[in-house]
Amino acid sequence: MKILMVGGGGREHALIRKLLESEKVEKVYCAPGNGGISCDAQCFSVGATDIDGMVSLAKELKVDCVFVAPDDPLAAGMVDAMEKEGIRAFGPRANAAIIESSKVFSKNLMKKYSIPTAGYEVFENSKDALSYIKEQNKYPVVIKADGLALGKGVIIAQNEAEAEDAVHTIMDDKKFGASGNKVVIEEFITGPEVSVLAFTDGKCVKPMVSSMDHKRAYDGDKGPNTGGMGTISPNPYYTPEIADRCMKEIFLPTIEAMNKEGRTFKGCLYFGLMLTADGPKVIEYNARFGDPETQVVLPRLKTPLCDIVDAVIDEKLSDLDIQWSDEACACVVMASGGYPGSYPKGIEIKGLDSKGQVEGACVFHAGTALEDGVFKTAGGRVLGVTALGTDLKEALKKAYAAVEKITFEGAHYRTDIGNK
């Protein structure tokens, strides 16, 4: 098999490494890729959202499959475009990817089909949104931009002033562009958070092992929301009993709801869950592999990923017995100083060999460039330093030991991943 991976972050690097473990995979290409990915796959400078460019590249390379990993190209219909040209593609079509690209759509879907989620209202202008918030007078309150916003379109306001600022930032200042044309105002719910990725071919759902993301920038879950500062797998709060309940009340009903809406979902569906006192509830859906959840889930996968990709595309997922390792896995994200705000780029990274690996761990490159044999920073989240262990404690110890060997000016990472 020859596969083209669309994207250029840590998630894509983890996917590529996993695909290459199989003897069936002869070659993986990536567009646009990054410095670390270029050591494992041949990279091409086609933008992840350049649908025509990506279709042309897939034809030119005569690939057997295109794996569309990021949210933007999925929402824009890259899978539809590939299928139209007779190219096999992994990922949902645009009409199913809406489950992530519109929070209004996903919340309304859950309400219609009685899938447990937090109470909410939708608003199309800031005046009405603010009137509602003041009327409710319940804090914290969750304010979500409707569309895609690089995982940063959710603001938890602790008081009226913060709520006002959030609504103006999203709806009037258009910090996230057209994604903020509508907002979802949601009740604040509490409990441990769980991320569950699931393979689905539209008929069968096969959840992957659970994980826990750490979204806040600083230790103790302080500071602004980020795309994710680290992950662990398994999630200690996700018991077999809760998993059974999620399958019956959330996973299967979601797939069935999408089928009833004429939006069959094929690919990887991400369930962001909160385990509340009233049971598990959906916080969000993603129409693709999570980042950095992928970096701790895939190292535990024993079944060849290419076999699962084929089974999903061919709607034969029920025939496959997917096997997972009992080991634990931990990922610590090393970010640029200033992230998730503005940050410098082009800073040399020391402590990596040409493969970007250190002893006892594996390093997934998220925002790097390779210039004259030297790795340099090229993004907010730079590296995902990952390790497997017999238990979580061992995995974290190995990951942090590896982090200490890697240096770049201004490097920032959380020291408490997995502590809680």
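The values are calculated or read from the model by the stated rules, or taken from the named source; none is laboratory data. Bear in mind the structure is a predicted one, so any value in this text is a computation, not a measurement. Using ideal geometry, Cβ is built from the backbone for each residue, glycine included, and neighbour counts are taken over all protein chains shown. To get the accessible areas, we keep the full protein, side chains included, count just its heavy atoms, and leave off ligands, DNA and RNA. Shrake-Rupley method; radii C 1.70, N 1.55, O 1.52, S 1.80 Å.
Here is a check on your reading of the model: is TYR343 modelled with pLDDT of 95 or more and open to solvent by 70 Å² or more (accessible area, probe 1.4 Å)?
Yes; evaluated as a whole, the condition is true for this residue.
Looking at (1) in contact (Cβ under 8 Å) with a residue 12 or more places away in the chain; (2) not in a loop (DSSP other than H, G, I, E, B), which one does PHE105 not meet, given that it meets all the others?
(1)
Filter segment 281-310 down to the residues that are more than 20 Å from MET212 (Cα to Cα), in contact with a Ser or Thr (Cβ under 9 Å, 6 or more places away or on another chain) and open to solvent by less than 10 Å² (accessible area, probe 1.4 Å) and list them by number.
LEU305, CYS306
Those residues that are free of Cβ contacts under 8 Å to residues at least 40 places away in the same chain and surrounded by 19 or more Cβ atoms within 10 Å (Cβ to Cβ), I need them from segment 11-31; list them, please.
Selection gives ILE16, VAL28, TYR29, CYS30, ALA31.
Which of the residues that make up segment 98-150 are under 15 Å from GLU261 (Cβ atoms) and in contact with a Lys or Arg (Cβ under 8 Å, 6 or more places away or on another chain)?
ILE98, ILE99, GLU100, VAL104, TYR113
Identify all residues within segment 47-67 that are in a loop (DSSP other than H, G, I, E, B) and under 21 Å from the mean Cα position of the chain (by Cα); write none if there are none.
GLY47, ALA48, THR49, ASP50
I'd like the residue in segment 262-312 that is β-branched (Val, Ile, Thr) and in contact with a Lys or Arg (Cβ under 7 Å, 6 or more places away or on another chain) and, out of all such residues, is farthest from TRP324 (Cα to Cα).
Here the answer is VAL312.
Would you be able to tell me the number of residues in segment 22-46 that are over 22 Å from the mean Cα position of the chain (by Cα) and assigned to a loop (DSSP other than H, G, I, E, B)?
Count: 7.
Can you pull out every residue in segment 39-48 that is surrounded by fewer than 16 Cβ atoms within 10 Å (Cβ to Cβ) and among the small types (Gly, Ala, Ser)?
Residues satisfying the conditions are SER45, GLY47.
Checking the structure you have, find out if any residue of segment 365-384 is closer than 18 Å to SER211 by Cα and assigned to a strand (DSSP E or B).
Yes: segment 365-384 contains one or more residues that are closer than 18 Å to SER211 by Cα and assigned to a strand (DSSP E or B).
Any idea how many residues of segment 392-416 are out of contact with any helix residue (DSSP H, G or I) (no Cβ under 7 Å at 6 or more places or on another chain) and part of a loop (DSSP other than H, G, I, E, B)?
5
Taking SER318 as meeting all but one of (1) hydroxyl-bearing (Ser, Thr, Tyr); (2) outside any helix (DSSP H, G or I); (3) surrounded by fewer than 19 Cβ atoms within 10 Å (Cβ to Cβ), write down the number of the exception.
That leaves (2) as the condition not met.
If a residue has to be modelled with pLDDT of 95 or more and assigned to a loop (DSSP other than H, G, I, E, B) to count, how many in segment 346-364 make the cut?
Residues meeting the conditions: 3.
Please specify each residue of segment 163-196 satisfying the condition of being assigned to a helix (DSSP H, G or I) and either open to solvent by less than 10 Å² (accessible area, probe 1.4 Å) or under 21 Å from GLY279 (Cβ atoms) (or both).
Answer for segment 163-196, where residues must be assigned to a helix (DSSP H, G or I) and either open to solvent by less than 10 Å² (accessible area, probe 1.4 Å) or under 21 Å from GLY279 (Cβ atoms) (or both): ALA163, ALA166, VAL167, ILE170, GLY180.
Report, by residue number, each residue of segment 223-280 that is open to solvent by 20 Å² or more (accessible area, probe 1.4 Å) and of a type in the set (S, T, N, Q).
Hits for segment 223-280 are ASN225, THR239, ASN259, THR264, THR276.
Taking ALA217 as the residue in question, decide whether it is hydrophobic (A, V, I, L, M, F, W, C) and under 21 Å from SER106 (Cα atoms).
Criteria not met by ALA217.
Are any residues in segment 226-254 more than 10 Å from SER210 (Cα to Cα) and either outside any helix (DSSP H, G or I) or acidic (Asp, Glu) (or both), and if so, which ones?
If the condition is that a residue be more than 10 Å from SER210 (Cα to Cα) and either outside any helix (DSSP H, G or I) or acidic (Asp, Glu) (or both), then THR226, GLY227, GLY228, MET229, GLY230, THR231, GLU241, ASP244, GLU249 are the ones that fit.
Just the residues that are assigned to a helix (DSSP H, G or I) and closer than 16 Å to PRO224 by Cβ, please, taken from segment 146-162.
GLU162
For the list (1) in a strand (DSSP E or B); (2) out of contact with any strand residue (DSSP E or B) (no Cβ under 6 Å at 6 or more places or on another chain); (3) not aliphatic (A, V, I, L, M), I need the number of the one condition that GLU135 fails.
Answer for GLU135: the failing condition is (1).
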